[in-house]
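Input: a single structure, listed below in structure tokens.
Every number in this text was worked out from the coordinates using simple rules, so none of it is lab data. Bear in mind the structure is a predicted one, so any value in this text is a computation, not a measurement. Because the Cβ atoms are built from the backbone with ideal geometry, glycine has one as well, and the counts that use them run over all protein chains shown.
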Amino acid sequence: MYRFLLSRRWIGFAIFVIALATVCVWLGNWQFNRLDSRKHENVLIKQHFKLDSVPLTDFTTVGTKLDADKAWTKISATGTYDVSRQFVLKYQTRDEGPGADVVTPFVLSDGNAILVDRGWLLTDANAAAVEDIPAPPAGPVEIQGWIRLNSTAKTSAVTPIEGQVRAISSHGAAGSVPYDLYDGYINLREQSPESQTPLAAEPDPDLGQGPHFFYALQWVFFALLAVFGWFFFARAEAKETAAREKVAKARSAAEQ
């Protein structure tokens, strides 16, 4: 009754189902791995938030790449803002509407600098240059904030063009400043003295697990559905084949 499974059509169907189920299982495992990474990152963030801030010069050095487990560490530094070389991170929408983050190099006493995301301001939702950016405090400033890793976006997205970027990276900004930059950047949380017109600070990170678990279950379900579908259609064709053979035998017996 199942001899038809050896036909070219059904062998091809089986190969397709196996390949489809394999891809779905792989995607499910990928989502489970992303869930594990998210949980690990959340643990690190919570640990960092319990600790006091660390001076930038004690935390890292120029030319040293930041490890992923150091992201969201509280960092402090003293220096001056170089407004002449600041740029904006466009298309950063919040509840208030479209906007941009203002990123300003912060120059330390040793002549090196780190990029500081000073905060968000409301802008038009277009590619036009942002006007009337609130100025930071002049002169020496003490800052505190979260250290963030460089974006891995392509070079064109992180290189300032007409004072704008689509992602933040010290590597992309390196060619636009006359000093060496520390790896990564700082999300500003506090500064002394304060700006006369403060920008909206970066929101606290989302410490939820995200949709990865449910996405993983979806892919596992699709894999099982593909396998079930193969058996379902095989069973249906087997029944149809058996019914045809039964009818054929009945006709043959009647003719005799």
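Using the basic label-point model (7 angstrom from Cα toward the beta carbon), what is the Asp36 to Phe228 distance in nanometres?
Going from the Asp36 label point to the Phe228 one covers 2.7 nm.
I want to check the label-to-label distance for Ala254 and Val83. Put each point 7 Å from Cα in the C-beta direction and report it in nm to one decimal.
Taking the simple label geometry, Ala254 and Val83 are separated by 9.8 nm.
Using a Förster distance of 30 Å, how high is the FRET efficiency between Asn29 and Ser7, based on the Cβ-Cβ distance and rounded to 0.05?
Working: r = 33 Å, r/R0 = 1.10.
In this case the efficiency is close to 0.35.
Per 0.36 nm of contour for each residue apart, how much would the distance between Gln47 and Thr152 grow if the chain were fully extended, relative to their Cα-Cα spacing? Numbers along the way, then the final one.
On the way: separation 105, 0.36 × 105 = 37.80 nm, distance 2.47 nm.
The Gln47-Thr152 span can extend by a further 35.3 nm.
Between Ala236 and Ile15, 0.36 nm times their residue separation minus their Cα-Cα distance comes to what?
Numbers: separation 221, 0.36 × 221 = 79.56 nm, distance 1.89 nm.
Contour length minus Cα-Cα distance gives 77.7 nm.
Scanning the chain for GluC sites (Glu not before Pro) in DSSP loops with at most 16 other Cβ atoms within 10 Å, what's the longest stretch left with none? Spell out each step's value before the answer.
Values: sites that count: Glu96, Glu131, Glu162, Glu194.
It works out to 1-95.
With Cβ to Cβ distances under 14 Å as the rule, what net charge do the other residues near Gln86 carry (K, R +1; D, E -1)?
Working: positive: Arg85, Lys90, Arg118; negative: Asp82, Asp101, Asp117, Glu131, Asp132, Glu162.
Charge balance near Gln86 sits at -3.
Output the direction-averaged projected area (hull surface divided by four) of the convex hull of the alpha-carbon atoms of segment 4-125, in nm². Walk me through the numbers before you get to the answer.
Details: hull surface 56.1 nm².
Orientation-averaged projected area of the Cα hull: 14.0 nm².
Give the separation of the Cα centroids, segment 65-107 to segment 232-253, in Å.
So the separation of the two Cα centres works out to 71 Å.
Can you work out the FRET efficiency for the pair Ala138 and Thr22, with r the C-beta to C-beta distance and R0 = 51 Å, to the nearest 0.05? Show your work: numbers first, answer last.
Numbers: r = 61 Å, r/R0 = 1.20.
Working from the Cβ atoms, E equals 0.25.
Find which of His171, Leu5, Phe49 sits farthest along the positive direction of the dipole of the chain, computed with +1 on the beta-carbon of Lys and Arg, -1 on that of Asp and Glu, about the Cα centre.
My answer, from the dipole projection, is Leu5.
Which loop chymotrypsin sites (Phe, Trp or Tyr not before Pro) in segment 1-42, with loop taken from DSSP, have no more than 13 other Cβ atoms within 10 angstrom of their Cβ? Let's see the in-between values first.
On the way: sites: Tyr2, Phe4, Trp10, Phe13, Phe16, Trp26, Trp30, Phe32; in loops: Tyr2.
Here the sparse-neighbourhood loop sites are Tyr2.
So how do Ile161, Ile75 line up by other beta-carbon neighbours within 10 Å, fewest first? Could you put the intermediate results ahead of the total?
Working: Ile161 12, Ile75 27.
Least crowded to most crowded, the residues run Ile161, Ile75.
Rg over Rh of segment 73-192, using C-alpha atoms and the Kirkwood radius, what does it come to? All intermediate terms of the calculation are to be shown ahead of the outcome.
Details: Rg = 13.4 Å, Rh = 14.3 Å.
Over the Cα atoms of segment 73-192, Rg/Rh equals 0.94.
Between the helical axis of 8-49 and the dominant principal axis of the chain, each derived from Cα atoms, what acute angle in degrees is found, rounded to the nearest 10?
30
Compute the relative contact order of the chain as a whole-number percentage, counting only Cα pairs closer than 8 Å that sit 6 or more residues apart in sequence. Provide the component values of the computation, followed by the final result.
Details: 415 pairs, mean separation 62.2, N = 256.
The value is 24 percent.
Angle between the Cα long axis of helix 212-255 and the longest principal axis of the chain, 0 to 90 degrees, nearest 10?
10
Return one quarter of the surface area of the convex hull spanned by the alpha-carbon atoms of segment 57-125, equal to its mean projected area, in nm². The partial results should precede the final answer.
On the way: hull surface 24.0 nm².
So the Cα hull casts an average projection of 6.0 nm².
Between (i) 69, 47, 42; (ii) 110, 40, 32; (iii) 52, 46, 38, which entry matches Cα extents along the principal axes in Å as derived from the coordinates of this structure?
Here the calculated entry is (ii).
Which loop-located chymotrypsin sites (Phe, Trp or Tyr not before Pro) does segment 177-233 contain, where loop means any DSSP state but H, G, I, E or B and the Cβ has at most 15 other Cβ atoms within 10 Å? Walk me through the intermediate numbers first.
Details: sites: Tyr179, Tyr182, Tyr185, Phe213, Phe214, Tyr215, Trp219, Phe221, Phe222, Phe228, Trp230, Phe231, Phe232, Phe233; in loops: Tyr179.
In loop regions of segment 177-233 (DSSP not H, G, I, E or B), the sparsely surrounded chymotrypsin sites (Phe, Trp or Tyr not before Pro) are Tyr179.
Per the Kirkwood treatment, what hydrodynamic radius in Å, one decimal, follows for segment 192-234 from the mean inverse distance over all distinct Cα pairs?
Working: mean 1/r = 0.0668 Å⁻¹.
This gives a value of 15.0 Å.
Restricting to lysines 8 or more places apart or on different chains, can you count the pairs in the chain with Cα atoms under 18 Å from each other?
10
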